[in-house]
Amino acid sequence: MKFGIFYEISVPRPWDPGVEKRVFDNCLEQVALADELGFDSVWAVEHHFLEEYSHCSAPELFLTACAMRTKKMRVGHGIVVCVPEFNHPIKIAERTATLDILSGGRLEVGTGRSATWNELGGFRANPDETKRTWDEFVRCLPKMWTQERFGYQGRSWSMPVRTILPKPIQKPHPPMWVAVTSPGTEIDAAERGLGSLGLTFGSVKEQETKVQNYRRIIANCEPVGEVVNNQVSTVNFLFCHEDTEKGNKIGRRMLGTFNFLAAQLLAAREAYPTKSYPSLGLLPSLRKEASGPADPAGVPEGIAIGDPERVLRACKRWESVGVDRINFLLNALETIPQEEVLNSLRTFAKHVMPHFQDSSSQAAAAGGGR
Amino acid sequence: MPLSGTMDVAAFAAGAHLAEIHGFKTDAWTLKGAQILNVYYEVDIDLAQQLLPVTVRPVIPAYAMFNVTHYPESLVGPFTIADVRLGCRAGVRPRGFTLASYVDSEAAARELAHRWGFPARVGKVALRAFHDRIVGRVVTAEGKPALEVEMLDRDFISGGDIQYVSSMHLCRNREDGKLTIVQCDPEWTFSKAERGRPNLVSFDSALWNGGDKVRPNWPISASYAIADVTLSKIRYVSDPNQDAFRGTTQVAA
């Protein structure tokens, strides 16, 4: 099991001068500490126009700053929107290769297609087309990274033969992932040999079935890249505090704030009838699971909130169903003071990480970080 | 913090046509073969916020739903109703706050107002299906054009692709005289569904209790469906002066 941290970068109103800078600075301070503590990776979303919920519209810049402040942590796009109105595929190949170089070969590339009308409508993208454009992009990217010269004539985009530069450090190329939100996307990931980057919690039982399907299908995949990434990652909240009551209370407040924020956005399916988005997508799933059946402390099953013992139980539960990585959201709208977030990371590293055999954190956790 | 509605409820109630609901205990009403036209447009969010009570929060981006539905059979005979709603959230749930409704049948308007609090007035409401478009038109009883909305370029989809949201109605409860918000949770069983290009031909915000504040500025989508609709019994009512988390009461299971 590996542990990462995951950023939406939510910024509370009022948006007085400096508030965004303070939030970004807090995130970067957390990233630096997480690197010292032995967390494996930092991930950043790409979202646009999502007021308060996410101000992370240029993740490649944020991740570059993360790479400059860390030594070991991998830096992950969680995800790059593979829709031409958002990102031209040539630019994605160039930017990711550059980030791989600057990070010393620590890049992970998550791919996806956006699920809100805020974004799809804002860029005037056609919701019916996003699954198809994503498929074209993920088939082209590895070739753009690995072939000296590349040309393409496709459905959503084309280019004459050119040399796309620079090339990534990692060989054959950085690991690729797919954001799994809509039902069945884990199958799309498995068939293409791509990692499953879970961005909804899902119940543990539901996730177990998905993981089994994924493992069965990826064993016979036709990889779009030159390497198969057969890892399953899930996302979770983290607030770990030695005082049980305080851990539960503050953690629940973060959950509630996140749900409240996410609800205000307009899911693609609510606004635009299409079979391309069979579920309401990421946001309601996060809400549903984060407000699902709870234990006596009021914390839903599988959510990493509470004292170290409870957080350990939650993580072990995910490990037991075959999840390889958990990426944690650490805050929402800055409801948790920065010092408490940092302490939560330290407490997790000290009391929870050492219980996981494959965690790269053990040595660092024993040291306790700064 | 996230945005909330900023409507002055008392002022709005004084100037708007609101229903008088006859208590919250009502039986479900199933209406077979409804023909439903829904057209969504983005609207100015700062103004829309002023048309939402603090009970709910605007969706970002704010959007208005223009709905025209023909019910070919009912206990009070066939009728056609048109609503204008603003997309919102009650707590974390998607809802449409109904600003006003027009119905072409006095009996139907009475049923809908007394049983579910629809802010319904009698007017001329028509829904016409042509080979290339579906058209909804509303003219007030005084002869003022209130709405003309179209779905162009008809294309078949599945009913499962359509995601309607429940509506909320500000009304006055006859039993205690208080203003309240009633949540109406219909159930839909689709037999046909289409999607097309939305086109708002004309719309007079003032005739829908919106003053000059409902300003459509960007088309989103249009759908047309045939479905059996069941207006369920009322389960939740809310205080229009409190947010939905604090001010919602369950009145039936």
Residue A:19 fails exactly one of the following numbered conditions: (1) away from chain B (no Cβ under 14 Å); (2) free of Cβ contacts under 8 Å to residues at least 40 places away in the same chain; (3) aliphatic (A, V, I, L, M). What is the number of that condition? (1)
Within segment B:168-216, count every residue that is more than 23 Å from residue B:6 (Cα to Cα), more than 16 Å from the chain's Cα centre (by Cα) and not β-branched (Val, Ile, Thr). 15
Index of the failed condition, residue B:91 passing every other in (1) at pLDDT 95 or above; (2) at positive phi; (3) within 14 Å of another protein chain (Cβ to nearest Cβ): (1)
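With among the charged types (D, E, K, R) and not in a helix (DSSP H, G or I) as the only criterion, which of A:85, A:36, A:60 stands out?
Sole residue among the options that is among the charged types (D, E, K, R) and not in a helix (DSSP H, G or I): A:85.
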Residue set B:37, B:31; condition farther than 20 Å from residue B:199 by Cβ and either buried (at least 21 other Cβ atoms within 10 Å of the Cβ) or modelled with pLDDT of 95 or more (or both); output residue B:31
Answer yes or no: is there a residue in segment A:147-154 that is surrounded by 18 or more Cβ atoms within 10 Å (Cβ to Cβ) and over 19 Å from residue A:271 (Cβ atoms). yes
In segment B:193-229, what residues are in a strand (DSSP E or B) and without any contact (Cβ under 8 Å) to a residue 40 or more places away in the chain? B:193
Please indicate, with yes or no, whether at least one residue in segment A:225-246 is part of a helix (DSSP H, G or I), surrounded by fewer than 21 Cβ atoms within 10 Å (Cβ to Cβ) and in contact (Cβ under 8 Å) with a residue 40 or more places away in the chain. yes
Of the residues B:227, B:222, B:193, which is closer than 25 Å to residue B:26 by Cα, within 14 Å of another protein chain (Cβ to nearest Cβ) and crowded, with 19+ Cβ neighbours inside 10 Å? B:227
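Per-residue answers, yes or no, for (1) in contact with a Leu (Cβ under 6 Å, 6 or more places away or on another chain); (2) at pLDDT 95 or above; (3) within 14 Å of chain B (Cβ to nearest Cβ):
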| position | (1), (2), (3) |
| --- | --- |
| A:321 | no, no, no |
| A:325 | no, yes, no |
| A:332 | no, yes, yes |
| A:349 | yes, yes, no |
| A:368 | no, no, no |
Residue hits (segment B:37-53; within 13 Å of chain A (Cβ to nearest Cβ) and in contact with a Gly (Cβ under 7 Å, 6 or more places away or on another chain)) are B:37, B:49, B:52
Among residues of segment B:56-88 being touching a residue at least 40 places away in the same chain (Cβ under 8 Å), among the β-branched types (Val, Ile, Thr) and within 14 Å of chain A (Cβ to nearest Cβ), the residue farthest from residue B:134 (Cα to Cα) is B:56
I'm checking my understanding of the structure. Among residues of segment A:239-271 that are of a type in the set (Lys, Arg) and under 15 Å from residue A:336 (Cα atoms), which one is farthest from the other protein chains (Cβ to nearest Cβ)? A:246
Among the residues of segment A:101-109, is there at least one that is modelled with pLDDT under 95 and under 20 Å from the mean Cα position of the chain (by Cα)? no
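Suppose we filter segment B:175-187 for residues that are assigned to a strand (DSSP E or B) and surrounded by 15 or more Cβ atoms within 10 Å (Cβ to Cβ); how many remain? Lay out the reasoning, then the answer.
Step one: filter segment B:175-187 for residues assigned to a strand (DSSP E or B), giving B:179-184, B:187.
When the remaining residues are screened for being surrounded by 15 or more Cβ atoms within 10 Å (Cβ to Cβ), the result is B:179-184.
Final tally of qualifying residues: 6.
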Across segment B:203-214, the tally of residues that are surrounded by fewer than 18 Cβ atoms within 10 Å (Cβ to Cβ) and not acidic (Asp, Glu) stands at 2
In this structure, is residue A:16 crowded, with 18+ Cβ neighbours inside 10 Å and either hydroxyl-bearing (Ser, Thr, Tyr) or out of contact with any Pro (no Cβ under 6 Å at 6 or more places or on another chain) (or both)? no
In segment A:41-74, anything within 16 Å of the chain's Cα centre (by Cα), crowded, with 21+ Cβ neighbours inside 10 Å and under 15 Å from residue A:115 (Cα atoms) is listed as A:45, A:46, A:47, A:53, A:54
Checking the conditions here, which among A:114, A:182, A:196 is in contact (Cβ under 8 Å) with a residue 24 or more places away in the chain and touching an Asp or Glu at 6+ places or on another chain (Cβ under 6 Å)? A:196
Looking at segment B:105-135 only, could you name the residues that are small (Gly, Ala, Ser), touching a Gly at 6+ places or on another chain (Cβ under 8 Å) and surrounded by 19 or more Cβ atoms within 10 Å (Cβ to Cβ)? B:105, B:108
Within segment B:40-59, tally of residues that are buried (at least 24 other Cβ atoms within 10 Å of the Cβ) and part of a helix (DSSP H, G or I): 1
Of (1) in contact (Cβ under 8 Å) with a residue 60 or more places away in the chain; (2) within 18 Å of the chain's Cα centre (by Cα); (3) more than 20 Å from residue B:244 (Cβ to Cβ), residue B:148 fails just (1)
Exactly one condition in (1) crowded, with 21+ Cβ neighbours inside 10 Å; (2) away from chain B (no Cβ under 14 Å); (3) farther than 18 Å from residue A:103 by Cα; (4) of a type in the set (Asp, Glu) is not met by residue A:25; state its number. (1)
When residues of segment A:90-118 are limited to those that are part of a loop (DSSP other than H, G, I, E, B), away from chain B (no Cβ under 14 Å) and touching a helix residue (DSSP H, G or I) at 6+ places or on another chain (Cβ under 8 Å), the one surrounded by the most Cβ atoms within 10 Å (Cβ to Cβ): A:113
Of the residues that make up segment B:159-174, is at least one part of a helix (DSSP H, G or I), within 19 Å of residue B:22 (Cα to Cα) and either within 14 Å of chain A (Cβ to nearest Cβ) or not small (Gly, Ala, Ser) (or both)? no
Pick from segment B:70-80, criterion touching an Asp or Glu at 6+ places or on another chain (Cβ under 8 Å) and outside any loop (DSSP other than H, G, I, E, B), ranking: surrounded by the fewest Cβ atoms within 10 Å (Cβ to Cβ): B:79
Going residue by residue through segment B:13-36, is there one that turns out to be within 16 Å of the chain's Cα centre (by Cα) and within 14 Å of chain A (Cβ to nearest Cβ)? yes
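The values are calculated or read from the model by the stated rules, or taken from the named source; none is laboratory data. Treat the numbers as computed from the prediction; the structure is a model and nothing was measured. Note that each Cβ is placed from the backbone with ideal geometry, even for glycine, and that neighbours are counted across all protein chains shown.
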